[in-house]
Amino acid sequence: MKKLTVLFLAISFLSCKKEEVYGPLKLKNGQEVELLVDHRYGADQDLLLKLPEKELAGSSLAGFDQREAGYTYRVKAKFYHDDNPPQDASSDSFIFTKIVSKEQYKGTESFDIQLITSYVPGGPVIKLSKTGNDYYFVPDKLQLTYANSTVQAQLEEIYQNALEVRNNWKTGQLPKWKAIKATVTHDPQKFGKAYLVQQIQFTP
């Protein structure tokens, strides 16, 4: 009888053992959560928040291909933890499952995007491409229009340097600048499809 009691207690202990949790939010592997996705796609202030607490999610959101700049989303996503992630990749991530709501941003405040991003390995990369006469921050998805001819000339200078770096990648050529910050607003003429660049700041 005593042995049966000990066995019962052991089974009860194992069944009540807490499932392992990960990250600062202490989420279980495969747990579904609701996230708030910002309207500033790819910007310095593009924050991913967990709802309802509005805490920083602390991980990236993958698979949300429907996302458009200029809209705030509430989405469902599943949290995943990988004990053996690829080199230089995070062990935690969120995988998009569905849109709960989508709301157009009505404000006019400006925000900043970085046109040079550093990757490990790989080094700094200029995030600017061009199709015809149009400049793109995200190829075929998010255009950069310009507020005046000065900004237009700066975008062209950045693009020409990007071409030079890409054509000489074997030599390890770096961009002319350490950083390029563009101050932008949502372009009312191409809302959701373009940022209107107000000014550009170069860091030599």
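Quick notes on this structure:
- Region 52-66 residues that are exposed (fewer than 11 other Cβ atoms within 10 Å of the Cβ), paired with ones that are of a type in the set (A, V, I, L, M, F, W, C) and at pLDDT 95 or above (beta carbon under 7 Å, 6 or more apart): Lys54/Leu36
- Within region 121-171, considering residues that are open to solvent by 60 Å² or more (accessible area, probe 1.4 Å) and aromatic (Phe, Trp, Tyr), the one farthest from Tyr195 (Cα to Cα): Trp169
- Qualifying residue in region 174-182 (condition: surrounded by 12 or more Cβ atoms within 10 Å (Cβ to Cβ), within 19 Å of the chain's Cα centre (by Cα) and without any contact (Cβ under 8 Å) to a residue 24 or more places away in the chain): no
- When residues of region 115-144 are limited to those that are of a type in the set (S, T, N, Q) and out of contact with any Phe, Trp or Tyr (no Cβ under 7 Å at 6 or more places or on another chain), the one modelled with the lowest pLDDT: Ser118
- Elements of the type strands (runs of 3 or more DSSP E) sitting completely within region 74-161 and holding at least 2 residues that are of a type in the set (S, T, N, Q): these cover 92-104, 116-119, 129-131, 142-146.
The values are calculated or read from the model by the stated rules, or taken from the named source; none is laboratory data. What you are looking at is a predicted structure, and each value in this text was computed from that prediction instead of being measured. Backbone-built Cβ (ideal geometry, glycine too); neighbour counts: all protein chains shown. Heads up: the accessible areas ignore ligands, DNA and RNA and are worked out on the full protein's heavy atoms, side chains in. Shrake-Rupley method; radii C 1.70, N 1.55, O 1.52, S 1.80 Å.
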